[in-house]
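Just below is one structure, and these are the notes that go with it.
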Amino acid sequence: MKFFHVKTVSETLRIINEQFQPCRPPVELPLIEVCGMVLAEDVISDEQVPHFSRSTVDGFAVCAKDTFGASDSLPAFLDITGRIEMGMAADTALHEGQAQAIPTGGMIPAGADSVVMIEHVEEVGEMLNVFRQVAPGENIVRAGDDVERGELVMACGHRLRPQDLGVLSAIGRTSVRVHPRPIVGILSTGDEIVPSEKKVLAPGEVRDINSVTIGAAARQCGATVLYGGIVKDDYDTFAKRASELFQKVDFLILSGGSSVGTRDYTVQVMQSLGDPGVLVHGVATKPGKPTILSKAGEKPVMGLPGHPVSAMIMFQLFAVPILERLQGLRPAQTDLRLSAKIARNVPSAVGRTDYIRVKLEEREDGLWAVPVFGKSGLISTLVESEGIVEIAANKEGIVEGESVKVHLFKS
């Protein structure tokens, strides 16, 4: 079996953007269940937050102009006309020359436009001595300062974080429409692969690393993972197991068996799952050249290299964007990579995109990316690494001190 025309990284990403969409219809879920999921609707606020003007400090609500010129040697004198309780309406309006005691979060009474902190006043019976002037609006959050009625709070395609749920709660939302978490199926292949829990390995056996690492990476991206186990290098068995798993998932990942060896059936199996079939058979990268991408119906199917480092880097490059598409995630508007200087010369071959593992060091003259070298089968090199650096296909390498962009691994 021969490789098709190898695609570039940009060509592969373009294919992903063109071919894959959210995998299932949106669902309405309560807020307590949606952290990490992606909004399937624009959220418009029906109310103001806060819905009343309130104090940000303990002190006294006042008219700012009554405090102008106040100092330690010449305080302003105001009449205390009331005390505002937490959680209660401020029913008594404030007039010129008056003050009302107010706690942090208390409602600002009508007529007041600022709050003087309790540290800057002295109560003498029903008289208040004010030793520092305040400006209009000082120490107050006004109604609608946080969110206005009719305001777009969050746009469709936003991945929900804990702080986002707080805003949704503040505007009275108890549920939102989100894209379902995609179900990712992982099936490992190879006569040499055995379950990772096997204690004693026979000669030639290799524990199944990729199911664990790729499954964990998929969960980090918001997916639910369904493990299909290990299948031997037998086409009929492989095709049957892949088809069974494919029916249960939104995205099938086949680990191993993606090279051009005579017993590698991955391409045939992917073609058997449905049309349009294989979209990418080989990517011009190192590591990870034998990566395969297909589409069966509306579902993506990916064949990852068996070497753990290659598999992880190709997952970051291509499976992550697929998962983002399946969840309806809005593309990032900014470059989230870190800038650093490369700590040594790294050669590369023109015509392919190289990805090198790096760890970060903070030095006196800034942040440096230190290459972590090792063959693609050495998973320990990923433990030492904090991210990867791309060497573009049109470059013969990067030189020590050159500025590079570091794509960080998720932590």
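Each Lys and Arg adds +1 at its Cβ and each Asp and Glu adds -1 at its Cβ; summed about the Cα centre, the chain shows a dipole of about 2660 debye.
Report the one residue of LEU254, VAL43, VAL62 whose Cα lies farthest in the direction of the positive end of the charge dipole of the chain (charges on C-beta: Lys and Arg +1, Asp and Glu -1; origin at the Cα centre). Looking along the dipole axis, the top candidate is LEU254. Using the Cβ-Cβ distance between MET86 and CYS156 with R0 = 35 Å, the FRET efficiency computed as 1/(1 + (r/R0)^6) comes to roughly 0.40.
Peptides 280-289, 189-198 ranked from most to least packed give 280-289, 189-198, packing being the mean of other C-beta atoms within 10 angstrom over each peptide's residues. Taking every DSSP helix (H) stretch of at least 4 residues in the chain, weighting each as -39,500 (n - 2.57) and dividing the sum by the residue count yields a mean residue ellipticity at 222 nm of -4500 deg cm²/dmol. Compared with the direct C-alpha span, the chain from GLU364 to SER403 gains 12.5 nm at full extension, assuming 0.36 nm per residue. Give the shape of segment 297-376 as rounded, prolate or oblate, defined through the alpha-carbon gyration tensor: a ≥ b ≥ c are the square roots of its eigenvalues, a/c under 1.5 means rounded, and otherwise the shape is prolate if a/b is larger than b/c and oblate if not. Taking the square roots of the gyration eigenvalues as a ≥ b ≥ c, segment 297-376 is oblate. Bridges between two residues of the chain, per DSSP, are antiparallel at a rate of about 70%. Each label was represented as a point 7 Å from its Cα along the Cα-to-Cβ direction; for GLN268 and VAL383 these points are 3.8 nm apart. Put a dot 7 Å past the Cα of GLU148, heading toward its Cβ, do the same for ALA110, and the two dots end up 2.4 nm apart.
With angles folded into 0 to 90 degrees, how steeply does helix 9-19 sit against the dominant principal axis of the chain? Use alpha carbons for both and round to 10. Value to nearest ten degrees: 70. Of the whole protein surface, THR104 contributes about 70 Å² of accessible area at a 1.4 Å probe radius. Charging the Cβ of each Asp and Glu at -1 and of each Lys and Arg at +1, and nothing else, the dipole of segment 250-348 about its Cα centre rounds to 420 debye.
Beta bridges assigned by DSSP with both partners in segment 119-231 are antiparallel in approximately 35 percent of cases. Out of segment 362-400, which GluC sites (Glu not before Pro) are coil in DSSP terms and have no more than 10 other C-beta atoms within 10 Å? Listed in order of number, the matching sites are GLU364, GLU396.
A full extension of the chain between SER10 and TYR235 corresponds to an added length of 77.8 nm, given 0.36 nm per residue minus the alpha carbon distance.
One decimal place: the segment TYR227-VAL350 gains 40.5 nm when fully extended, by the rule 0.36 nm per residue minus the C-alpha distance. I'd like the distance between the alpha-carbon centres of segment 338-388 and segment 168-231, rounded to an integer number of Å. Cα centres, segment 338-388 to segment 168-231: 26 Å. Which is farthest toward the positive dipole end of the chain among MET314, VAL372, ALA242, measuring Cα position about the Cα centre, with Cβ charges +1 (Lys, Arg) and -1 (Asp, Glu)? Comparing the listed Cα positions along the dipole, ALA242 ranks first.
A simple packing score, the average count of other Cβ atoms within 10 Å per residue, orders the peptides 25-31, 171-177 as 171-177, 25-31, with the highest score first.
The values are calculated or read from the model by the stated rules, or taken from the named source; none is laboratory data. Given the structure is predicted, the values throughout are model-derived calculations rather than measurements. Please note: Cβ atoms are built from the backbone with ideal geometry, for glycine as well, and neighbour counts cover all protein chains shown. Side chains are part of the model used for accessible areas, which takes the heavy atoms of the whole protein and leaves out ligands, DNA and RNA. Shrake-Rupley method; radii C 1.70, N 1.55, O 1.52, S 1.80 Å.
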